[in-house]
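The values are calculated or read from the model by the stated rules, or taken from the named source; none is laboratory data. Quantities reported herein were computed from a predicted structural model and do not represent experimental measurements. Cβ sites come from the backbone with ideal geometry, for glycine too, and all protein chains shown count toward neighbours. Please note that ligands, DNA and RNA were not included when accessible areas were found on the heavy atoms of the full protein model with its side chains. Shrake-Rupley method; radii C 1.70, N 1.55, O 1.52, S 1.80 Å.
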Amino acid sequence: MTQTETRAGTATTFESLDPATGDVVGVHPVHTEEEVRAAVARAREAAAWWSALSYDERDRHLSAWKGVITRRVGQLADLMHRETGKPHGDAMLEAALGIDHLAWAAGHAGKVLKRRRVSAGLVMANQAATVEYLPLGVVGVIGPWNYPLFTPMGSIAYALAAGNAVVFKPSEYTPGVGEWLAQTFLESVGHPVLQVVTGLGDTGAALCRAGVDKVAFTGSTATGKRVMAACAETLTPVVIEAGGKDAVIVDADADVDAAADATLWGACSNAGQTCTGVERVYVHERVYDEFLAALLDKAKGLRADDSAEAQLGPITTPQQRDVIRSHIQDALDRGGRAVLGGVESVGERFVQPTILVDVPEDSLAVQEETFGPTVTVAKVRDMEEAIARTNATRYGLGSTVFSKERGMEIAARIRSGMTAINGVITFAGVPSLPFGGVGDSGFGRIHGPDGLKEFTYAKAIARQRFKPLLTLTSFTRTDKADQQLAQMITMLHGRGTTIPKR
Ligand code: NDP
């Protein structure tokens, strides 16, 4: 990405570049604070129309958009390939998953969010109680470059299906994908319910301050903190989908070959630039040698280059190559060994797969997000040790367990928002499952019913059906009513057994 000076002293356009070749893919406006505010104002008008539609009507509009995306998916994948460098097939897979999420969100919004009756309880038996989930208004979505379609779609589709308008700020590396989405939406729906603003970090910061009703941020933990600080000024709520340091645990009874295959794909697909990518592996000592041999064997044929057959593309941003190099160097300096690749794997644009062993647990390659096709593999005595080491980072996004007998038990003890058992990153493709993390991986959820509710506020209504037997919420309340309430509460809740003191 470079900025172009087209007006005295101000950069008003920027270029997105093909990271494999450096070719210019497109030129895009740097939207100013004023322009961002104007987009939010237009979105607010569109939101009034959109939120007044029924769930079925919104489903029909979103389905029409989904149809356009699907029919032109080749064009979209090509743009994703050029802006990120990822192989065309991987871009198709990403688009397919994004389309599936759009379908789920549109089809399930009514079921999850519409008004429903809840029990009012015995004390308030004269009330009819209902709850429904109403749209917030305008949601600002700030997205990363690594999955320029799938990741923001996890917020955009769910926010739209819940009845909000969206203003989307794509990463400066993938503005074309953002513009493509907004254009196809306008063609399909005819109202600017989804708009895009492009630019650098400042445009994202302007969106946080532009009066949106919520910000859905996906990106690094460091930027997430800045976004949250900006949103705090106006008490704008945020959902933060940040980085990860996901581990794979391989138990003694695991299908070792399948675990090695999944680890390699989880660590190296998208050139390792996946928030839920595999960065660490803890293997039971009984199968460690077998696992490492299988992993090495499978990794040997894998190369990153710019040929049409390449399974790994380039590293999208120049800074990331420095991070990857520094993590490998730190691991080696501190006694680790590279059984595949090494510092020399980090090239001008491409990074070759690297497998590290004997890496101390407090080194950068084990504690910090590397975001490259590298992985550390460690031997553990038992699953207790594997779980303890997995949980010993400040991140908690995804995780994976390979075990025939104890998968569920181990998964339940891992402190991460999502866990795949005997598969890798499978949770991301299940639209009914919530997606998000704990700790430095962020908070709030996209996808699934939780993802729909994330972009709403709960509206509770208590409607009096008949006069209460006991008048409690009035200054005319009598002593007798107080006594009757005490009796009723004792009858309802007074029977809990006393836990003996130890
Ligand atoms: P960044 O944090 O660098 O950027 C994310 C977005 O924030 C970009 O659109 C960026 O714009 C924008 N931005 C930058 N500065 C500001 C600011 N001050 N205020 C508001 N917005 C700002 O992340 P990357 O794009 O490098 O993405 C990679 C990161 O995303 C990794 O850490 C990865 O783990 C994480 N990620 C998390 C996912 C999850 O679901 N948990 C999914 C996918 C990725 P610009 O690009 O123009 O600078």
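For this structure, a couple of remarks:
- Of the listed requirements (1) within 20 Å of residue 438 (Cβ to Cβ); (2) without any contact (Cβ under 8 Å) to a residue 24 or more places away in the chain, residue 232 misses just one: (1).
Residues are listed down the side, and each one gets a yes or a no for (1) more than 20 Å from residue 295 (Cα to Cα); (2) more than 15 Å from the ligand (Cβ to nearest atom); (3) under 20 Å from the mean Cα position of the chain (by Cα):
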{"site": "377", "(1), (2), (3)": "no, yes, no"}
{"site": "400", "(1), (2), (3)": "no, yes, yes"}
{"site": "407", "(1), (2), (3)": "yes, yes, no"}
{"site": "418", "(1), (2), (3)": "yes, no, yes"}
{"site": "421", "(1), (2), (3)": "no, yes, yes"}
{"site": "424", "(1), (2), (3)": "no, yes, yes"}
{"site": "437", "(1), (2), (3)": "yes, no, yes"}
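- Residue within segment 375-394 that is touching a Ser or Thr at 6+ places or on another chain (Cβ under 8 Å), more than 15 Å from residue 249 (Cβ to Cβ) and modelled with pLDDT of 95 or more present: no
- Search result, residues across segment 194-218 that are on the phi > 0 side of the Ramachandran plot and either within 12 Å of the ligand (Cβ to nearest atom) or open to solvent by less than 20 Å² (accessible area, probe 1.4 Å) (or both): 199
- Checked against (1) away from the ligand (no atom under 16 Å from the Cβ); (2) in contact (Cβ under 8 Å) with a residue 40 or more places away in the chain; (3) out of contact with any Lys or Arg (no Cβ under 6 Å at 6 or more places or on another chain), residue 285 passes all but a single condition, namely (3).
- Count - residues of segment 231-257 that are more than 21 Å from residue 414 (Cα to Cα) and not polar (S, T, N, Q): 8
- Each residue in segment 22-73 was checked for being more than 18 Å from residue 110 (Cα to Cα) and assigned to a loop (DSSP other than H, G, I, E, B), and 6 pass.
- Residue satisfying all of: in segment 234-255; more than 16 Å from the ligand (Cβ to nearest atom) and either part of a loop (DSSP other than H, G, I, E, B) or open to solvent by 10 Å² or more (accessible area, probe 1.4 Å) (or both); modelled with the lowest pLDDT among these: 235
- Residue in segment 399-418 that is surrounded by the most Cβ atoms within 10 Å (Cβ to Cβ), counting only those that are part of a loop (DSSP other than H, G, I, E, B) and without any contact (Cβ under 8 Å) to a residue 40 or more places away in the chain: 417
- Condition broken by residue 85, with the remaining ones in (1) open to solvent by 30 Å² or more (accessible area, probe 1.4 Å); (2) at positive phi; (3) not hydroxyl-bearing (Ser, Thr, Tyr) satisfied: (1)
- Residue within segment 445-452 that is open to solvent by 60 Å² or more (accessible area, probe 1.4 Å) and in a loop (DSSP other than H, G, I, E, B) present: no
- Within segment 419-436, if we keep just the residues that are assigned to a loop (DSSP other than H, G, I, E, B) and free of Cβ contacts under 8 Å to residues at least 40 places away in the same chain, the residue that is surrounded by the most Cβ atoms within 10 Å (Cβ to Cβ) turns out to be 419.
- Helices (runs of 4 or more DSSP H) within segment 260-377 that include 2 or more residues out of contact with any Phe, Trp or Tyr (no Cβ under 7 Å at 6 or more places or on another chain), among the polar types (S, T, N, Q) and open to solvent by 20 Å² or more (accessible area, probe 1.4 Å): 318-333
- Looking only at residues in segment 140-168 that are under 23 Å from residue 234 (Cβ atoms) and of a type in the set (S, T, N, Q), the one that is nearest to the ligand (Cβ to nearest atom) is 155.
- Residue check: residue 191 meets all listed conditions (1) part of a loop (DSSP other than H, G, I, E, B); (2) within 29 Å of residue 62 (Cβ to Cβ); (3) within 15 Å of the ligand (Cβ to nearest atom) but one, namely (3).
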